[in-house]
Amino acid sequence: MTHRSGFVALVGRPNAGKSSLLNRLVDAKVAIVSDKPSTTRHAVRGILTLPDAQIVFVDTPGLHKPANALGRRLNDVAREALSDVDEAVFVLDAAVRVGEGDRFIARALASAGTPVLCVVTKADLVLPPRLLAQIEVARGLGPWVDVLTTSSLRATGFRDLVTALVAGLPEGPAYYPPEAVSDQPLAQAAAERIREKALGLLSEEVPHSVAVVVDEIADGDTPGVRLVSASVYVERESQKGILIGKGGRTLKEIGTLARPDLEELLGSKVFLDLRVRVSPNWPRREDRLERFGY
Ligand code: GDP
């Protein structure tokens, strides 16, 4: 089966219905990932993983009719960002007359060279003749791949929209692991991988005392490298020594083994900052268990 994947920007005037559309698109299957993958300059808003495709929805800096040079400069940034995604969805409100703001965005989209699906949303707010008229107006705004209609309120039109979006994506593997679309946050998935490596290196008695918490996943100082800061918790000072190892050897090895896994998980190079902390008796303390994700 062919697998497709890529980045999709949702653009449109404020209030056009973008957020509602996104919420419907990713349904309950979303985990909002606040960190940017290195492959894009956009913040990820939501991920839709299907058996044969993964769509990563991203934010674009706002496109507005420029009032001055700064406005024009910001629009240049937005246009550049648009040319970096695989597809854009141009969101229009079915119940609001198309205005200069929409036309401005339409021109920017048309000039970015990215394929655009135009979506007339809030279809539930108007009667069919008016919806058809709005679709005609939408068609006249630019060279869209297609013009579709949706209602986020009634959840209609989404199957066709998703089909059209997938058809427009390039072939490629998923950018995010399937757990990114379950309820498991990325940090927890990362912690689990580190713990697995730590356990593999330790003898009998220590493992039950090891918990891993990923404190932060952030963009590092080097472009394309993400910083993962994690704490490995043990119960006793003596275990801390075992985990760190002679001259820090064991801890270093845990990091060396975990890093490739984390890179696969996050889809970017990783700088892993690991530290060992003692949390006395943590397996018997409710508050600790909660913090450690048990
Ligand atoms: P955004 O600013 O483009 O993200 O727009 P929002 O998604 O926040 O929507 C703006 C307003 O329109 C909100 O009050 C939504 O509840 C409403 N809205 C969005 N989509 C629909 C829809 O399909 N039908 C109806 N009736 N209202 C909608």
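Quick one: length gained pulling R236 to R154 fully straight, 0.36 nm per residue minus the C-alpha distance?
Residue separation times 0.36 nm, minus the Cα-Cα distance, leaves 23.9 nm.
Around T163, what is the net charge, scoring Lys/Arg as +1 and Asp/Glu as -1 over all other residues with Cβ under 14 Å from its Cβ?
Overall, the nearby charge balance is -2.
How much length is gained on full extension from L227 to S19, taking 0.36 nm per residue of separation minus their Cα-Cα distance?
72.0 nm
Less than 14 Å Cβ to Cβ from P115, Lys/Arg counted +1 and Asp/Glu -1: what total charge do the surrounding residues give?
-3
Quick check: the distance between the Cα centres of region 93-122 and region 224-281, to the nearest angstrom?
Between the Cα centres of region 93-122 and region 224-281 lies a distance of 48 Å.
Relative contact order for region 186-291 using alpha-carbon pairs under 8 Å, separation at least 6, rounded to a whole percent?
That works out to 30 percent.
Once amide H atoms are placed 1.01 Å from N in the peptide plane, what residues at a sequence separation of 5 or more from G220, or on another chain, have their amide H within under 5 Å of its amide H?
V225, R226, L227
Based on Cβ point charges of +1 for Lys and Arg and -1 for Asp and Glu, what charge dipole magnitude is obtained for region 192-245 about its Cα centre, in debye rounded to the nearest 20?
In debye, rounded to 20, region 192-245 gives about 120.
Readers should treat all values here as calculations from the given coordinates under stated rules, not as data from a laboratory. Quick caveat, the model's predicted, so the values are computed rather than measured. All Cβ positions, even for glycine, are placed from backbone atoms using ideal geometry, and neighbour counts span all protein chains on display.
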